[in-house]
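**Q** Got a structure here, written out as structure tokens. Questions coming.
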Amino acid sequence: MSQAPIEPELIKAVPVRHPGRWVATVVVLFLLAVLVHSFFTNPNFHWDVVFKYFLDGSVLEGLLHTIELTVISMVIGIIGGVILAVMRLSSNPVLSSISWLYIWFFRGTPLLVQLLFWGFIGALYKNISIGVPFGGPQFWSFQTQDLISVFTAAILGLALNEAAYMAEIVRAGISAVNEGQMRAAQSLGMSQSLAMRRIVLPQAMRVIIPPMGNETISMLKNTSLVSVIGFSDLLYASQLIYSRTYQTIPLLITASLWYLIVTSILTVGQFYVERHFGRGSSRELPPTPWQRIRRMLFTQHYVPPVSAATQGIPAGERGGIR
């Protein structure tokens, strides 16, 4: 008489414990709670003054000027960076040398010094004119201080400096694309410039976009330097207020909050731009923040019990919901 098979007992799996993680989490949360508590209980922060001037007209006007400077300077910087990168990669030694010299100069001198030079350019050149050189007739002439205003000086300083950094970013992106792409495009009858616009640059955008986003955020913060030449940006507007009220720290907090808000918006925009240009490079696009929240809230995670019969089987082959 055959005996019925005995069902093996389930193995009680004990999860690996990580006490160090819990201790580190508790310490970090405690320090964070202490920091947040000090922010809102320390009377020296003067949060009432912070929010009093948060929507002040002069502060909002300075914020608008800051955003305007950022957008215009980045557009000029990106266009100039692409041109400089193509010149740097050119087989023409003159173009390549001029591009290298430009990048060497503008990356090698501080942005603050460049802004000061543009702000006081009238001390170097009283007039800007176009005509026959060496004493010939002048067809067009203006005083420098009338032609280059404070706003123009700020744009020139920020944009020309940014073009040097963008040139290296674009050059790195172009170099990351396989040379066979250009050769294949030229074999189909495309010119070098057309192949660069239609084939190489779209593929290079996956490499260019992340550092370009960082440069945009850096540009937003670098606009605070234009206050040294008297342009009314967000920081300069805050300085004018606390020079009257002597509430230095609250006004600096007000400006910092606006910088954080705009930086957060730019960070979200950078994520979606990277996601757009990342299509085709991987089988699955990275989930958006809303998709992450939905997955975390509505996805069930079930791990079946481990028995002696399934102990050696990989977890993915045991079935169950994951």
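**Q** Taking neighbour Cβ counts within 10 Å as the exposure measure, how do GLU162, GLU274 sort from fewest upward?
**A** Starting with the residue having the fewest Cβ neighbours, the order is GLU274, GLU162.
**Q** What aspartates and glutamates could a cross-link reach from LYS126, if we take a straight Cα to Cα line under 12 Å and drop same-chain neighbours fewer than 8 places away?
**A** By straight Cα distance, LYS126 reaches ASP146.
**Q** Arrange the following residues from fewest to most other Cβ atoms within 10 Å of their Cβ: HIS65, HIS18.
**A** With the sparsest Cβ surroundings first, the list reads HIS18, HIS65.
**Q** So, one more: Quote the FRET efficiency, to the nearest 0.05, computed for ARG107 versus ALA184 with a Förster distance R0 of 41 Å and r equal to the Cβ-Cβ distance.
**A** For R0 = 41 Å, the calculated efficiency reads 0.75.
**Q** Suppose R0 equals 30 Å. What FRET efficiency, 1/(1 + (r/R0)^6) with r the Cβ-Cβ distance, do SER149 and TRP47 give to the nearest 0.05?
**A** 0.20
**Q** When the chain is fully extended, how far beyond the present Cα-Cα distance does ARG197 get from LEU260, taking 0.36 nm per residue of separation?
**A** Gain in length upon complete extension: 19.2 nm.
**Q** How big is region 165-270 in terms of Cα radius of gyration and Dmax, in angstroms?
**A** Final numbers for Rg and Dmax: 21.1, 69 Å.
**Q** Quick one: PHE105, PHE54, fewest Cβ neighbours within 10 Å first, how do they rank?
**A** PHE105, PHE54
**Q** Among the GluC sites (Glu not before Pro) within region 1-95, which fall in a DSSP loop and have no more than 11 other Cβ atoms within 10 Å of their own Cβ?
**A** Counting only loop positions with at most 11 other Cβ atoms within 10 Å, the GluC sites (Glu not before Pro) in region 1-95 are GLU9.
**Q** Here's something else I'd like to know. Calculated FRET efficiency, ALA13 and ALA176, Cβ-Cβ r, R0 45 Å, to nearest 0.05?
**A** 0.50
**Q** Still on this structure: Describe numerically, in nm with one decimal, the distance between label points set 7 Å from Cα along Cα→Cβ at ARG21 and at ASN127.
**A** Output for this residue pair reads 7.5 nm.
**Q** Place a point 7 Å from the Cα of SER90 along the Cα-to-Cβ direction; which residues of region 145-173 have their backbone N under 15 Å from it?
**A** No residues fall inside that zone.
**Q** Ratio to report: Rg/Rh of region 178-223, with Cα atoms as the point set and Rh obtained by the Kirkwood method; give two decimals.
**A** Ratio of gyration radius to Kirkwood radius for region 178-223: 1.23.
Each reported figure results from applying straightforward, stated rules to the coordinates on display, with no laboratory input. Every value quoted in this text rests on a predicted model; they were computed, and no experiment measured them. Note that each Cβ is placed from the backbone with ideal geometry, even for glycine, and that neighbours are counted across all protein chains shown.
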